[in-house]
Amino acid sequence: MTTRKEAQPRRLIHTRDLLRELIARDIQLRYRGSFLGILWTLLNPLAELLVLMFVFGTVLNVAIPNFSAYLFTGLIAYGWFQTSVNFATLSIVGNRELVRRPGVPIAVLPIVTVAANLVHFLLSLPILIGLLLYSGVTLSATAAALPLIIALEFVLILGFAYPVATINVWFRDTQHVLRIALQLLFYLTPIFYETSTVPKNLQWFYALNPLSHLVDAYRAVLLRGELPATGSVLYLTVFSAVLLVVGFAAFRRASYRFADEL
């Protein structure tokens, strides 16, 4: 007879293998039938970079040093967040068979969405490094902190993924409302402008926006060659951790009714 202690490692191995298979399936299904396949992951942010470079770098002549690298850093950081949260709304309603199948830990489904888009984010990093080198930016030792910032963003995204996946089970308009909200948030996050240019009476919003802190953390270690501000990292860490705990608790409490609602 298998004891609980013996069953725990097997359960972890099963969950790890399931995660790997589902992440691979997610990436394959997304680009099935596409001629360029996963290359679209690189073409989309590059096309956006070129458009924004023309508008803000050429037409409006924004005076930000190394603007192409500055802009692309914000684009891929926000892109991972935006795409993951958008797709997370479908992580339950889009996997009816898995949700109804006994023995499948459905809590891994939002993780699969975030991790699959992490792969896309990592594929964009070599382009960012190339832009940095082309702009004359020398990577310093602070770049070693990049994995920690990526881990922080993973936790932040997952903290949003669990509640939106839960809400969308009952309110299918969630994905459409969220798409609009994320588009608005893009312009309210310093992607193509500096926070210092924001009017003082609006600075409080940027101080509360975790994505402002996140994007600045990436730029600090890659462009400025310094560690992110301690207060900024602390706020981002606490915000992400609390959101994940609360979001997962709500997801877990509602998960017993998912199969009946699908």
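The values are calculated or read from the model by the stated rules, or taken from the named source; none is laboratory data. The model shown is predicted, which means the values in this text are computed figures rather than measured ones. We place every Cβ from the backbone using ideal geometry, glycine too, and count neighbours over all the protein chains shown. We work out accessible area using only protein heavy atoms, side chains counted, and drop any ligands, DNA or RNA first. Shrake-Rupley method; radii C 1.70, N 1.55, O 1.52, S 1.80 Å.
Annotations
- Under the criterion of Cα pairs below 8 Å and six or more residues apart, the relative contact order for the stretch 59-140 equals 42 percent.
- A simple count of charges around ILE92, restricted to other residues whose Cβ falls under 12 Å of its Cβ and scoring Lys, Arg +1 and Asp, Glu -1, yields +2.
- As a calculated quantity, the FRET efficiency between ALA259 and LEU146 at R0 = 45 Å, using C-beta atoms, amounts to about 0.65.
- When you count the other C-beta atoms within 10 angstrom of each residue and take the mean per peptide, 210-217, 117-124 line up highest first as 210-217, 117-124.
- Across the stretch 6-163, Cα pairs under 8 Å and at least six residues apart give a relative contact order of 30 percent.
- Within-14-Å neighbourhood charge of LEU128 [Cβ basis; K, R +1; D, E -1]: 0
- Geometric extent, Cα atoms of the stretch 182-222 - Rg, Dmax (angstrom): 10.0, 29
- Kirkwood hydrodynamic radius of the stretch 123-242, Cα pairs, Å: 16.0
- Springs between Cα atoms under 10 Å define the GNM used for the chain, and in it the highest mean-square fluctuation of GLY74, GLY130, GLY247 occurs at GLY130.
- Overall size of the stretch 202-262 from C-alpha positions, given as principal axis extents largest first: 51, 26, 19 Å.
- For the stretch 166-226, the solvent-accessible area of protein heavy atoms averages 53 Å² per residue (probe radius 1.4 Å; ligands and nucleic acids excluded).
- Electrostatic bookkeeping for LEU262 treats Lys and Arg as +1 and Asp and Glu as -1; over the other residues with beta carbon under 13 Å from its beta carbon, the sum is +2.
- A 1.4 Å probe over all protein chains sorts LEU132, LEU42 by accessible area into LEU42, LEU132, starting with the largest.
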